[in-house]
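Here's the structure we're looking at; comments come further down.
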Amino acid sequence: MLSTLQPPRCSLSRFPLHLPSKPFFFHSKPTPLSSPYPIANATLTDQIATSASSPSLHSQILSIRHSLLSRQFTATQLAESYLNRLRALEPHLKSFLHVSDSVLSDAREIDDKILRNEELGPLAGVLVGVKDNICTAGMPSTGGSRILDGYRPPFDATAVRRIKELGGIVVGKTNLDEFGMGSTTEASAFQVTANPWDLKRVPGGSSGGSASAVSARQCVVSLGSDTGGSVRQPASFCGVVGLKPTYGRVSRFGLMAYASSLDVIGCLGTTVADAGILLHAISGHDTLDATSSKREVHDFTSQFTAADSLESKPLKGLRIGLIRETLDNGVDGEVSSAIRAAASHLEELGCSINEVSLPSFSLGLPAYYILASSESSSNLARYDGVRYGNQAVADELTGLYQNSRATGFGSEVKMRILMGTYALSAGYYDAYYKRAQQVRSVIQKSFKAALDENDILISPAAPSAAYKIGEKVKDPLAMYAGDIMTVNVNLGGLPALVLPCGFVRDGSSDLPVGLQMIGAAFDEGKLVKVGHIFEQTLPDCRFVPPLLADHIGG
């Protein structure tokens, strides 16, 4: 079921795109011989990234819409340009497990609508990557697991259906840690995804494929899932924006369950505006998900303020709480420096910055892993080769169950199922699961108290920048510890926005660092507003990976 885009790795030299000659394409300059990266020739995607059509709102989605309506180019030409870049970079990045074969036909339908002067949806022509644990009709949806290899759902997840209804084009399914269980995308059953900033490093996880694809401009935006930081940590590692909504804001129908009380579908984009537009498109009540909220969804785009219209202190009066425990020992010094510099920038924009203490913060990590593993052991019981999942050959029923799960699940999934089953067992339920739920209540109360005194809380999105592939595979505890900045937000059910705020130097690589903004429940609008102003006014930062930097202005 894997995409055919799986040729053997080749030398990382210039990787040209073979594009049709179009007057609006930019021509690329020769790649310097010293460049260690495969650089795709500049294309229409680069023109979109640097387009002046909507410079004030800093959004590829709005630029695409403007260009289509003004007939600067067609949706088909745009789709071809993105597909060319995707194919050129995919052998090195391995962001996608499957690429849709209907992208160009979907784009032609949009062009036909334009010719007929029909109304276009707000996502018309926008290529969207979808994490492979989110169901897509007629397209492989494996959850990154061998046990679902070849599975093609007969339905779309609600979030995917809403994107399609608004004109968005699903370009393909992105790689992930199996069933969302991991922080590096190395636990995928099919392939390991690389970070566009340094091909020897992980993109984060479990939504590493979605983050890598957006960072490399293989798609405009993407969907991921976030159970304990799986949208936000990859966003930090890959230098893109990751937006985790409040639990219940987006329907979970069609999302393969990992930990049902923690799972949410989130959005990734190159700008806050794009992530906010995508979130608005997929939000709202859904009768197919009993946990989805009936709260009104406000138009997040109304929070956008053009850079040239900003006052000298556009965030005057906003109270920002810097979580003290997130800058303690265990956090890379350069990461701490980048976060403090971001706090200083917010102060220059008019915010008042206060350090706040959340004494229960360190308790979140063990509580999260007990709760998430417990719920996963229950949710994944359905994959037995009879109800769901590929069936192994066996002579009797017990052997069929055992063989199907033994060959279908990877080692990380098996470990978490065992951990969860142990925590839920009769002799240990009170000692582990019940106490973890009590800790969850304490964390929720501490967040409420802090957000009563502050409008937004800030912290790093991860204690370090992206680390090397294979560096933590044999040390799962060290890998789990990397989630300490994000898991508390899921336990609290709160929204959070991660956006790039600076860099750390590691050898010859400049690696991006993400700032996490945490808001009160259902207050995504405030996060989007503050994040949009922050990214437009952040000086001297250009978050474009080296393999694209020669051709994209940012």
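The values are calculated or read from the model by the stated rules, or taken from the named source; none is laboratory data. In this text the structure is predicted, and so the values were computed from the model without any measurement. Because the Cβ atoms are built from the backbone with ideal geometry, glycine has one as well, and the counts that use them run over all protein chains shown. All accessible areas refer to the heavy atoms of the entire protein, side chains included, with ligands and DNA or RNA removed. Shrake-Rupley method; radii C 1.70, N 1.55, O 1.52, S 1.80 Å.
Can residue 417 be described as in contact with a helix residue (DSSP H, G or I) (Cβ under 8 Å, 6 or more places away or on another chain) and not acidic (Asp, Glu)? Spell out how you get there, then give the answer.
Numbers: in contact with a helix residue (DSSP H, G or I) (Cβ under 8 Å, 6 or more places away or on another chain): yes; not acidic (Asp, Glu): yes.
Yes: the conditions hold for residue 417.
Restricting attention to the stretch 138-149, and to residues there that are open to solvent by 10 Å² or more (accessible area, probe 1.4 Å) and under 23 Å from residue 87 (Cα atoms), which single residue is nearest to the chain's Cα centre (by Cα)?
139
What's the number of the only condition in (1) over 30 Å from residue 58 (Cβ atoms); (2) modelled with pLDDT under 95 that residue 308 fails to meet?
Going through the list (1) over 30 Å from residue 58 (Cβ atoms); (2) modelled with pLDDT under 95, residue 308 breaks only (1).
Working only within the stretch 287-305, note down all residues that are under 22 Å from residue 169 (Cβ atoms) and either at pLDDT 95 or above or open to solvent by less than 20 Å² (accessible area, probe 1.4 Å) (or both).
Within the stretch 287-305, the subset under 22 Å from residue 169 (Cβ atoms) is 300-301.
Passing the criteria: only 300.
Look at the stretch 394-428 and say how many of its residues are among the aliphatic types (A, V, I, L, M) and in contact with a Leu (Cβ under 8 Å, 6 or more places away or on another chain).
Within the stretch 394-428, the first condition is being among the aliphatic types (A, V, I, L, M), and the residues that meet it are 394, 397, 400, 406, 413, 415, 417-419, 423-424, 426.
Then keep just the ones that are in contact with a Leu (Cβ under 8 Å, 6 or more places away or on another chain); that gives 394, 413, 417.
Residues flagged as among the aliphatic types (A, V, I, L, M) and in contact with a Leu (Cβ under 8 Å, 6 or more places away or on another chain) within the stretch 394-428 amount to 3.
Can you give me the ranges of the helices (runs of 4 or more DSSP H) entirely in the stretch 341-437 with at least 1 residues that are touching a Lys or Arg at 6+ places or on another chain (Cβ under 7 Å) and open to solvent by less than 70 Å² (accessible area, probe 1.4 Å)?
Numbers: elements: 364-379, 397-408, 411-424.
Here the list reads 364-379, 397-408.
Evaluate the following for residue 238: is it under 23 Å from residue 515 (Cβ atoms) and under 8 Å from the mean Cα position of the chain (by Cα)? Talk me through it step by step, then tell me what you get.
On the way: under 23 Å from residue 515 (Cβ atoms): yes; under 8 Å from the mean Cα position of the chain (by Cα): no.
So residue 238 fails the test.
Without any contact (Cβ under 8 Å) to a residue 40 or more places away in the chain and not in a helix (DSSP H, G or I): is that true of residue 514 in this structure?
The answer is no for residue 514.
So, in the stretch 90-137, exactly how many residues are part of a loop (DSSP other than H, G, I, E, B) and over 24 Å from the mean Cα position of the chain (by Cα)?
Within the stretch 90-137, residues that are part of a loop (DSSP other than H, G, I, E, B) and over 24 Å from the mean Cα position of the chain (by Cα) number 5.
Could you tell me whether residue 177 is open to solvent by less than 10 Å² (accessible area, probe 1.4 Å), of a type in the set (Asp, Glu) and in contact with a strand residue (DSSP E or B) (Cβ under 6 Å, 6 or more places away or on another chain)? Explain how you work it out, then say what you get.
Values: open to solvent by less than 10 Å² (accessible area, probe 1.4 Å): yes; of a type in the set (Asp, Glu): yes; in contact with a strand residue (DSSP E or B) (Cβ under 6 Å, 6 or more places away or on another chain): no.
No, not satisfied.
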